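Here's the structure, in structure tokens; my notes come after.
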Amino acid sequence: MNQSTHVDRGATPLSGPDAPSHGPMNKVRWAIVALLVVGGVVNYLDRSTLSIANTTIAKEFHLGPVQMGLLLSAFSWPYAIANLPSGWLVDKFGPKKMFAWAAGLWSIVSMLMAIAGSFGAMYALRVLLGVAESPFFTSGLKVNQRWFNQEERAVPVSVVNTGSQIANAVAPPLLVAIMLATSWRGMFIIIGALGLVVAAVWLRFYRDPALQEYRAIHGREQAAAEPTTQADRVGWGELFKHSNTWFMILGAFGIFYTVWVYLTWLPSYLQKSLGFSLTTMGWVAMLPFMCGIAGVLVGGWLSNALLRRGVSTVLARKIPIVGGAALAAAAVLPAAYVTNVPGVIALLSIGYFFAQVPIGCLWTLAADVAPAEQVASLGAIQNFGGFIGAAVAPVVTGAILAATKQYSLVFVVGGVLLIVGALSYGLFVKDRSHRTA
């Protein structure tokens, strides 16, 4: 563990202007959160470029729905697998180095996609993009674990996760405008260049909390529990011996599956099934994702509010996760049978709002139940499960569309998996801090 996170047993929290809730230290940590939000926006704009150019690229490369589904999922498979080592690497080398390397690499890959001339080249670069982006959210979780204590953490973690939702909201009109002005290849170059700027700013400004700051944030008792030697560390593989880990994987799978149906197929659905033009689609597609921004923040606020009312930490995370997933299912399932266009858009927007309520709390839960030196590792393992769902979603959706020529079954499958996610977290993820497994 880095020296900056070692705290001696005599440490006492600071008070006055240097306490974490106000003063210069508070400004520093919220500035870091703001930078992570910007990083999240650029990160997800890179992911969204292919979805926005879905129909254009499919026409240019002569791709059917199954091939397009494979291409859309090419990011998620390697991203899911790469999360496993990336969490360990973030725990080992720290978020500053890992985020900088990730942002630099994913930006270069995005720019290279502009010169892809075939399905195979595009597929290979999407695979590499998935690997490159895997350390981002685990780095953000590690940053929040170092800069915010357990009672505060849900809100900043949720704020960081709004970066992805802001990108999802602005991506349709923004990327459509860039694509119409420059071509889809120009869009890839411009968004890739933004990532290089983010990497440079991150290297210049991020730092871990100093010893005194860490004492002020976490207090004497938690600091005393921090392991200080390599011998004290729990092996990475030990996490898989706990049932919580497996049900967090399954729960994340169910929730992320439906989220990624939105992210990968919503633009095509709006154009082909609801009849929107490319330009109009960009604005209509904003609506669910704008609701998603609010959903992430509501989840974090609700979790912190429950903690302040004396609810146990794990339960305070589970309530937004389970409630959000269940209510999302209640909105997504009827969308399969509604034919009124405004009604469908309303249901999809409500569904996406509630599907995002759990997101910040999922990451915060990982920080709550993992040992301090393995926060990024458990968060990454959970994210691995989520992105297995994200990888399966576009392929299954493409296969359903090829077989049925309509989206009804797509919504049914998404709603059922949201219920699976709610049950996994609600019934099987428990506070096991006072017992084994």
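Going by the structure shown, is residue 397 farther than 16 Å from residue 257 by Cβ and among the polar types (S, T, N, Q)?
no
Here's a check for you: in the range 130-162, which residue that is within 11 Å of the chain's Cα centre (by Cα) and β-branched (Val, Ile, Thr) is nearest to residue 213 (Cα to Cα)?
Top of the filtered list is 157.
Scan the range 103-124 for residues that are within 22 Å of the chain's Cα centre (by Cα) and hydrophobic (A, V, I, L, M, F, W, C) and jot them down.
Hits for the range 103-124 are 103, 105, 106, 108, 109.
Say whether the condition of being part of a helix (DSSP H, G or I), modelled with pLDDT of 85 or more and either over 24 Å from the mean Cα position of the chain (by Cα) or more than 26 Å from residue 66 (Cα to Cα) (or both) is met by at least one residue in the range 205-223.
Yes.
Across the range 62-72, what is the number of residues that are in a helix (DSSP H, G or I) and open to solvent by 40 Å² or more (accessible area, probe 1.4 Å)?
4
Table: residues versus (1) touching a Pro at 6+ places or on another chain (Cβ under 6 Å); (2) outside any helix (DSSP H, G or I); (3) at pLDDT below 85.
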{"position": "1", "(1), (2), (3)": "no, yes, yes"}
{"position": "11", "(1), (2), (3)": "no, yes, yes"}
{"position": "17", "(1), (2), (3)": "no, no, yes"}
{"position": "28", "(1), (2), (3)": "no, no, no"}
{"position": "34", "(1), (2), (3)": "no, no, no"}
{"position": "40", "(1), (2), (3)": "no, no, no"}
{"position": "51", "(1), (2), (3)": "yes, no, yes"}
{"position": "55", "(1), (2), (3)": "no, no, yes"}
{"position": "60", "(1), (2), (3)": "no, no, no"}
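Can you report the number of residues in the range 105-123 which are of a type outside the set (Val, Ile, Thr), out of contact with any Phe, Trp or Tyr (no Cβ under 9 Å at 6 or more places or on another chain) and crowded, with 18+ Cβ neighbours inside 10 Å?
Number of matching residues: 2.
Residues that are under 18 Å from residue 51 (Cβ atoms) and of a type in the set (Asp, Glu): list the helices (runs of 4 or more DSSP H) wholly contained in the range 73-153 that include at least 3 such residues.
No helices (runs of 4 or more DSSP H) qualify here.
Select from the range 382-436 the residues that are basic (Lys, Arg) and in contact (Cβ under 8 Å) with a residue 40 or more places away in the chain and write down the one among them that is surrounded by the most Cβ atoms within 10 Å (Cβ to Cβ).
430
Would you kindly identify the helices (runs of 4 or more DSSP H) lying entirely within the range 238-344 that contain at least 2 residues that are polar (S, T, N, Q) and at pLDDT below 90?
Once the helices (runs of 4 or more DSSP H) in the range 238-344 are filtered for at least 2 residues that are polar (S, T, N, Q) and at pLDDT below 90, what remains is 243-272, 278-284.
What is the number of the single condition among (1) out of contact with any Ser or Thr (no Cβ under 8 Å at 6 or more places or on another chain); (2) within 26 Å of residue 199 (Cβ to Cβ) that residue 58 does not meet?
(2)
Give the residues of the range 90-101 that are touching a helix residue (DSSP H, G or I) at 6+ places or on another chain (Cβ under 7 Å) and either without any contact (Cβ under 8 Å) to a residue 60 or more places away in the chain or open to solvent by 70 Å² or more (accessible area, probe 1.4 Å) (or both), sorted by residue number.
Passing the criteria: only 98.
Quick test of your reading of the structure: residue 342 fulfils all but one of (1) crowded, with 19+ Cβ neighbours inside 10 Å; (2) free of Cβ contacts under 8 Å to residues at least 40 places away in the same chain. Name the failing condition by number.
(1)
The values are calculated or read from the model by the stated rules, or taken from the named source; none is laboratory data. Remember, it's a predicted structure, so these values are computed and weren't measured experimentally. Cβ: placed from backbone, ideal geometry, glycine included. Neighbour counts: every protein chain shown. Ligands, DNA and RNA are stripped out before the accessible areas are found, and what is left, the full protein with its side chains, is counted by its heavy atoms. Shrake-Rupley method; radii C 1.70, N 1.55, O 1.52, S 1.80 Å.
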